[in-house]
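S.K.: Have a look at this one.
The values are calculated or read from the model by the stated rules, or taken from the named source; none is laboratory data. Bear in mind that the values here come from a model prediction, so they are computed numbers and not experimental data. Glycine also receives a Cβ, built like all others from the backbone with ideal geometry; neighbour counts cover every protein chain displayed. These accessible areas exclude ligands, DNA and RNA; they are computed on the full protein's heavy atoms, side chains included. Shrake-Rupley method; radii C 1.70, N 1.55, O 1.52, S 1.80 Å.
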Amino acid sequence: MTDKIIVLVTGPNPRACKRMARALLEKKLIACASIVPQILSLYHWKGKLVDERECMMILKSSRDIFDALRAEIEKLHEYSIPEIIALPVIDGAPNYLNWVGESLQSPPD
């Protein structure tokens, strides 16, 4: 297993996701953001079944800085309870994983 993670974050629209991704890239909390501009999400919210279009960000980062990444997403996000789910990267192309690591801020001591 590696120290790299994939973080899934939904957002209201591509513009909001792009704004968040740029801010996270500037702080080196992510190495890359892939934005899927339109997904259909169905979920329960405040006693109702919701069916709405959102966008999805697939963020590449590391476990060492996840707490800082999560805090920054929560600060930037328009939703009161944003989806922020970290998944471990079991393995991957060594060159790509090295690039991810080199693109991120140093983990806190």
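S.K.: Go through (1) modelled with pLDDT of 95 or more; (2) of a type outside the set (Asp, Glu); (3) touching a Leu at 6+ places or on another chain (Cβ under 8 Å) for GLN105 and report which single condition fails.
M.R.: (1)
S.K.: Now a separate question. Residue check: is CYS32 closer than 12 Å to PRO12 by Cβ and at pLDDT 95 or above?
M.R.: Working: closer than 12 Å to PRO12 by Cβ: no; at pLDDT 95 or above: yes.
No.
Residue-wise test of (1) assigned to a strand (DSSP E or B); (2) open to solvent by less than 60 Å² (accessible area, probe 1.4 Å).
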| site | (1), (2) |
| --- | --- |
| ILE5 | yes, yes |
| LEU25 | no, no |
| LYS28 | no, no |
| PRO37 | yes, no |
| LEU40 | yes, no |
| SER61 | yes, yes |
| ILE65 | no, yes |
| ALA68 | no, yes |
| ALA71 | no, yes |
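S.K.: Let me ask something else. Please find, within region 82-96, the residue that is farthest from THR2 (Cα to Cα) out of those that are more than 14 Å from the chain's Cα centre (by Cα) and either loosely packed, with under 11 Cβ neighbours inside 10 Å or acidic (Asp, Glu) (or both).
M.R.: Of everything passing the filter in region 82-96, ASN95 is farthest from THR2 (Cα to Cα).
S.K.: Which pairs turn up if I take residues in region 97-109 that are within 15 Å of PHE66 (Cβ to Cβ) and open to solvent by 90 Å² or more (accessible area, probe 1.4 Å) and look for partners that are assigned to a helix (DSSP H, G or I) and of a type outside the set (A, V, I, L, M) with beta carbon separation below 7 Å, at least 6 apart in sequence or on another chain?
M.R.: Matching pairs, first to second residue: none at all.
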